[in-house]
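Colleague: After the structure tokens below, expect a handful of questions from me.
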Amino acid sequence: IWVEGRDPALGLGTTRFMAPEIVRGDALPSPATDLYSLSVLIISLLMLHHPLQGSRELAFDCFDAEAEKALFATDPVFIFDPDDESNRPDPAIHGAVLAYWPLFPEYIHTDFTAAFTIGLKDPQRRVREGVWRAHLGRLLDGIVVCACRAENLTEDGQPFRPCWSCGQQIPPPVKLRFGE
């Protein structure tokens with residue numbers, strides 16, 4: 001069993017999933033760096049894309065260690081950072097994330113934005129595991145099947161956009177309510 005602060009880390013990780021402070025050599029693995037890695041894993045699974053790989057990666061002639069360090073450690077910028085548009089996804093190369101991002105409800109956008117803006121700079125303010133568990137459960141509970149049989153994500157059962165597959169309005173699901 002590894003104990004933080006007592007035992008040296010056995011491995012640091014894979015650069016793209018490591019917290020920026022580890023890649024820079026400023027920190028060792030910890031629960032805070034694990035939260036960053038968890039956020040990268042979740043966005044990679046849901047959006048099929050890395051949160052820091054946008055148009056800035058195209059400025060490098062070769063995607064080598066220098067490029068990785070700049071993009072993931074010394075100058076990371078979230079692809080959907082509301083205050084910095086310098087790393088937006090390139091439509092020709094990053095089509096998957098551009099297609100998937102709008103399909104997710106706002107609370108997922110908020111979590112990813114916090115994880116990869118504030119969380120890049122302040123490890124103590126990263127999105128906690130409990131928040132991810134609650135919001136991923138909420139996301140799963142909000143799946144509604146359209147008449148065309150396509151699964152759609154909703155905002156707690158209320159469609160916030162037409163069906164991604166056929167374009168028709170999605171009827172809200174039947175809900176069982178208790179109390180008020």
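The values are calculated or read from the model by the stated rules, or taken from the named source; none is laboratory data. On a predicted model such as this, the values are computed, not experimentally measured, just so you know. Positions of Cβ are generated from backbone atoms using ideal geometry, with glycine treated the same way; all protein chains shown enter the neighbour counts. For the accessible areas, the whole protein counts, side chains as well, though only heavy atoms, and no ligand, DNA or RNA atoms are used. Shrake-Rupley method; radii C 1.70, N 1.55, O 1.52, S 1.80 Å.
Colleague: What number comes out for accessible area per residue over the chain if the probe is 1.4 Å? Units Å², please. Provide the component values of the computation, followed by the final result.
Modeller: Numbers: 10470 Å² over 180 residues.
Value for the chain: 58 Å² per residue.
Colleague: How large, in percent, is the carbon and sulfur part of the accessible surface of the stretch 84-180 at a probe radius of 1.4 Å?
Modeller: Working: 3320 of 6050 Å².
Solvent-exposed carbon and sulfur of the stretch 84-180 make up 55 percent of the total.
Colleague: Here's a follow-up. Under the rule that a partner needs its Cβ under 4.7 Å from the first Cβ, which Cys of the chain have none?
Modeller: For the chain, the answer is 62, because their Cβ atoms have no other cysteine Cβ under 4.7 Å.
Colleague: Another question, then. Restricting attention to the stretch 123-180, which trypsin sites (Lys or Arg not before Pro) occupy a DSSP loop and are surrounded by at most 10 other Cβ atoms within 10 Å? Please report the intermediate quantities before stating the final value.
Modeller: Numbers: sites: 125, 126, 128, 133, 138, 149, 175, 177; in loops: 126, 128, 149, 175, 177.
Listed in order of number, the matching sites are 149, 175, 177.
Colleague: Please identify, among 89, 162, 105, the residue showing maximal mean-square fluctuation in a Gaussian network model of the chain using a 10 angstrom Cα cutoff.
Modeller: Evaluated over the chain, the most mobile residue of the options is 162.
Colleague: Which entry in (1) 206; (2) 129; (3) 165 is this structure's computed volume of the Cα convex hull per residue in Å³?
Modeller: Derived directly from the coordinates: (3).
Colleague: Find, among the GluC sites (Glu not before Pro) in the stretch 59-150, those assigned to loop by DSSP (not H, G, I, E, B) with at most 14 other beta-carbon atoms within 10 angstrom. Don't skip to the answer; put the middle values down first.
Modeller: Working: sites: 66, 68, 85, 106, 129; in loops: 85.
Listed in order of number, the matching sites are 85.
Colleague: Separate question: How would 39, 165, 44 rank on accessible area, largest to smallest, probe 1.4 Å? Could the numbers behind the result be given before it?
Modeller: On the way: 39 5, 165 65, 44 30 Å².
Result, largest first: 165, 44, 39.
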